[in-house]
1. Can you list the lysines whose alpha carbon is less than 21 Å from that of residue 214, not counting same-chain residues fewer than 8 positions off?
2. When only alpha-carbon atoms count, how far does the chain stretch along each of its three principal axes, as whole angstroms with the largest first?
3. Under the rule of -39500 (n - 2.57) per DSSP H run of 4 or more residues, summed and divided by the residues of the chain, what mean residue ellipticity at 222 nm is obtained, to the nearest 500 deg cm²/dmol?
4. For the stretch 459-525, count the residues as N, evaluate 2.2 N^0.38 Å, and divide the Cα radius of gyration by that value, please.
5. Under the rule a/c < 1.5 gives rounded, and otherwise a/b versus b/c splits prolate from oblate, where does the stretch 108-155 land using the Cα gyration tensor?
6. Under the rule a/c < 1.5 gives rounded, and otherwise a/b versus b/c splits prolate from oblate, where does the stretch 294-453 land using the Cα gyration tensor?
7. What FRET efficiency comes out for the pair residue 367/residue 464, r = Cβ-Cβ distance, R0 = 30 Å, nearest 0.05?
8. Dipole of the stretch 115-165 (Lys/Arg Cβ +1, Asp/Glu Cβ -1, origin at the Cα centre): which of 129, 161, 142 lies farthest to the positive side?
Amino acid sequence: MMTHLNGEFGVKTSSIVREWSGQVHPALVASFVFLFCLEACLWVRNFQLKRRLPGPFAWPLVGNAFQLGQMPHIAFTKLAKKYGNVYQIRLGCSDVVVLNGDKVIRQALIQHSTEFAGRPNFASFQFVAEGKSMTFTNYSRQWRMHRKIAQTTIRAFSSANSQTKKAFEQQIVGEATELVEILLKLSAQEKYFDPAHELTVAAANVICALCFGKRYGHDDVEFREILHKVHQFGQTVGAGSLVDVMPWLQTFPNPVRSIFKKFKCLNEEFFAFIKNKVEEHRQSFDPQVTRDMSDAIIGVIDMAEGDMELTRTHTEATVADMIGAGMDTVSTALHWLILLLAKHPEIQTKLHKVVDSAVGRNRLPSLEDRTHMAYVEAFIYETMRFTSFVPVTIPHSTTSDVTVNDLYIPKDTVVFINQWSVNHDPVIWKDPHTFNPSRFLDDNGVLDKDLTNNVMIFSAGKRRCIGDQIAKVEIFLIFAILLHQCTFEKCPDEDFSLNCTYGLVLKPLGYKIRARFRGELDKSQ
Ligand code: HEM
């Protein structure tokens with residue numbers, strides 16, 4: 001019934017590391033040696049001048065970049081055992097402080113929320129939404145205003161009142177029922193398949209309907225391309241990405257520079273798609289009728305241009321932030337949920353019983369059923385905790401000097417927040433490497449809210465995810481409907497390991513399942 005995580009998580013080699021192993025021209029080797037010596041001299045000087053935090057020895061030029069391996073969050077957790085929960089590494093030319101463990105991370109993000117609310121001045125961040133992305137800009141008065149507008153817009157279209165709540169719910173139910181149909185179609189003639197693409201389209205359609213009032217077919221070619229770009233984006237901006245910490249790699253041909261060029265292109269193409277959609281909205285904009293989130297943002301930012309520091313490009317960037325953040329994350333959660341469901345048939349049977357007894361067989365699950373399905377919620381929380389599929393947040397930076405755990409961190413330091421270490425912290429989790437949804441239920445089968453609050457997947461503090469509530473609603477409803485309608489069986493030829501690819505999100509490596517229909521709704525009851 002339980003899955004042990006140790007040794008089960010594997011990883012597909014990151015494209016940077018894989019490509020880096022190629023040959024470079026001798027002249028470049030000479031430049032490399034020169035730079036290495038220069039950096040060594042600077043390093044010795046800095047070492048004598050700076051008050052350093054604990055941390056591993058950092059090699060000149062590359063620092064600790066190649067010590068992080070293919071799963072940086074695991075390497076960070078191992079280093080914490082040796083150097084404590086606050087330590088410093090060096091990545092290329094950047095000093096990076098890594099925060100680990102529940103206590104330290106909450107102390108930093110909640111008690112010192114403003115000090116840790118910055119974003120580093122990374123080269124890649126300047127290319128996201130022409131440098132106007134709320135997600136990737138540093139802490140400032142303008143950023144606070146930008147974030148407030150984005151948050152208020154999300155609330156207005158998901159939870160502001162019973163009418164918006166119902167409309168949002170109906171949109172999700174529509175996507176989930178279409179998803180069921182497609183999964184069953186793909187399972188025809190006993191076929192096994194990877195559900196990744198269908199889950200991505202379902203999640204993407206929910207956020208596209210909110211932003212543009214439009215959804216796409218599962219085979220739409222233009223949409224497929226956009227989804228692919230969002231996926232590639234996440235592969236480049238995760239912690240441990242070399243493009244930002246070794247800017248000198250951009251000065252001569254090498255695989256990292258190629259990856260960076262590709263990153264710029266995909267950002268331009270993705271932003272062009274968003275701009276085009278927002279421009280269509282501007283053409284037909286009517287201040288009396290707010291059709292969707294694009295209209296709402298146009299109504300606030302475009303219409304107040306001149307009175308506010310935000311421009312029309314910020315309008316487009318806000319929409320890009322929502323679409324970019326809302327697609328890959330929710331679909332990855334669903335991808336892990338189905339993998340773990342198929343991997344644990346005995347848990348799946350229990351979940352079916354819970355759903356049937358809360359909902360019956362004459363209607364589909366709704367949000368109101370949530371309180372009667374504690375075990376379903378527990379399964380979702382345990383999946384988030386166990387996989388920690390956003391293992392490290394988007395990099396933070398300090399906005400002023402700050403002390404954490406009695407250790408001094410200067411202003412403008414890059415900070416990595418290791419969420420995986422919170423979710424596997426042995427101080428708060430019993431057997432953290434065991435998959436056990438029941439850990440979230442008390443003796444009466446009621447969901448333990450204190451424990452669910454300990455799961456960290458949406459970060460905390462001033463940079464906490466602004467889509468957390470809509471993500472939770474979406475994940476619960478889609479998952480509950482899939483459970484109500486289908487049984488998922490794993491392909492017997494596969495070992496169903498928890499191998500994954502590393503990026504901003506950890507994605508399961510392709511796996512195959514089959515969906516079986518659990519029977520027509522009995523409308524006569
Ligand atoms: C399961 C789904 C999701 C997960 C696990 C997730 C997780 C995260 C994490 C870890 C961050 C970074 C926080 C930090 O840097 O400390 C973040 C930021 C963000 N998320 Fe989400 N997210 C999810 C869904 C969504 C959705 C559906 C939306 C929008 C509609 C969204 C919008 C954002 C935005 C705009 C930010 C940037 C916040 C800022 O920099 O101030 N997310 N999310």
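Each value in this text was obtained by applying a stated rule to the coordinates, not by laboratory testing. Nothing here was measured: the structure is a model prediction, and the numbers come from that model. Counting neighbours? That spans all protein chains shown, and the Cβs are built from the backbone with ideal geometry, glycine included.
1. Excluding near neighbours in sequence, the set is 165, 166, 229, 275, 277.
2. Taking the Cα atoms of the chain, the three principal extents are 81, 56, 46 Å.
3. Numbers: 16 runs with 248 residues, N = 525.
After summing the helix terms and dividing by the residues of the chain, the value is -15500 deg cm²/dmol.
4. Values: Rg = 17.1 Å, N = 67, 2.2 N^0.38 = 10.9 Å.
The value comes to 1.57.
5. Oblate is the answer for the stretch 108-155, as a/c is 1.5 or above yet b/c matches or exceeds a/b.
6. It is oblate, given that a/c is not under 1.5 and a/b is not larger than b/c.
7. 0.85
8. Of 129, 161, 142, it is 161.
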